[in-house]
Each structure stands twice: as C-alpha cells, then as structure tokens.
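Colleague: Have a look at the structure that comes next, please.
The values are calculated or read from the model by the stated rules, or taken from the named source; none is laboratory data. Note that the structure is predicted; figures quoted are calculated from it, not measured. Glycine also receives a Cβ, built like all others from the backbone with ideal geometry; neighbour counts cover every protein chain displayed. Ligands, DNA and RNA are excluded from the accessible area calculation, which covers all protein heavy atoms including side chains. Shrake-Rupley method; radii C 1.70, N 1.55, O 1.52, S 1.80 Å.
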Amino acid sequence: MVNATKGLFITCDIPMAQFIINMNSSLPASQKFIIHVLDSTHLFVQPHVAEMIRSAIVDFRDQNSYEKPA
C-alpha cells in the first residue's frame, strides 16, 4: 500500500538548510515541521509553514546585512 504525504519541497544552499533545520529543532515536538531531510540541500516540510520560513529568512538576512554608515 502506498503512503503519500502532502508537503513542500525546499531546495536551498547548505547554510540556509541548516538555518531551517535549526529553526525546526528549536520548536516543541508538537510544532516541528520538517517531514524529511532528503540531503544537505533538499528538505520536505509541511505545507502550512511556507510563510513562517520565508519571514524567518527575511529577518535573518536583515539582521546579517551590512549597511554602510552615512
């Protein structure tokens, strides 16, 4: 019998995948969203977390962007 799971396939570079994995591991067990880590650059996650991941990445990039002093 086939067992199918609906999810979101994410392709990213290794540091961003590690950021997402770390974000998942910091959540309580009931809120974890990674279904399967396929390899170092591909993740399969629950579909309802897409916007949460996007906003966390935007916040991370904003915190780690260099702004030249005026």
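Colleague: Any residue in region 15-37 that's without any contact (Cβ under 8 Å) to a residue 40 or more places away in the chain and within 24 Å of Ala4 (Cβ to Cβ): show its pairings with residues that are open to solvent by 40 Å² or more (accessible area, probe 1.4 Å) and of a type in the set (D, E, K, R) at Cβ separation under 9 Å, as long as the two are six or more apart or on different chains.
Modeller: Ala17/Asp39; Asn24/Lys32
Colleague: Please state which of the following conditions Lys6 fails to meet, knowing it meets all the rest: (1) of a type in the set (D, E, K, R); (2) in contact (Cβ under 8 Å) with a residue 40 or more places away in the chain; (3) in a helix (DSSP H, G or I).
Modeller: (3)
Matching residues to (1) surrounded by 13 or more Cβ atoms within 10 Å (Cβ to Cβ); (2) at pLDDT 95 or above; (3) among the aliphatic types (A, V, I, L, M); (4) in a helix (DSSP H, G or I):
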{"position": "Gln18", "(1), (2), (3), (4)": "no, yes, no, yes"}
{"position": "Asn24", "(1), (2), (3), (4)": "yes, yes, no, yes"}
{"position": "Ser30", "(1), (2), (3), (4)": "no, no, no, yes"}
{"position": "Val37", "(1), (2), (3), (4)": "yes, yes, yes, no"}
{"position": "Ser55", "(1), (2), (3), (4)": "no, yes, no, yes"}
{"position": "Arg61", "(1), (2), (3), (4)": "no, no, no, yes"}
{"position": "Ser65", "(1), (2), (3), (4)": "no, no, no, no"}
{"position": "Lys68", "(1), (2), (3), (4)": "no, no, no, no"}
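Colleague: In region 39-53, what count of residues is obtained for those that are open to solvent by less than 80 Å² (accessible area, probe 1.4 Å), of a type outside the set (A, V, I, L, M, F, W, C) and within 19 Å of Ala4 (Cβ to Cβ)?
Modeller: Qualifying residue count for the region: 3.
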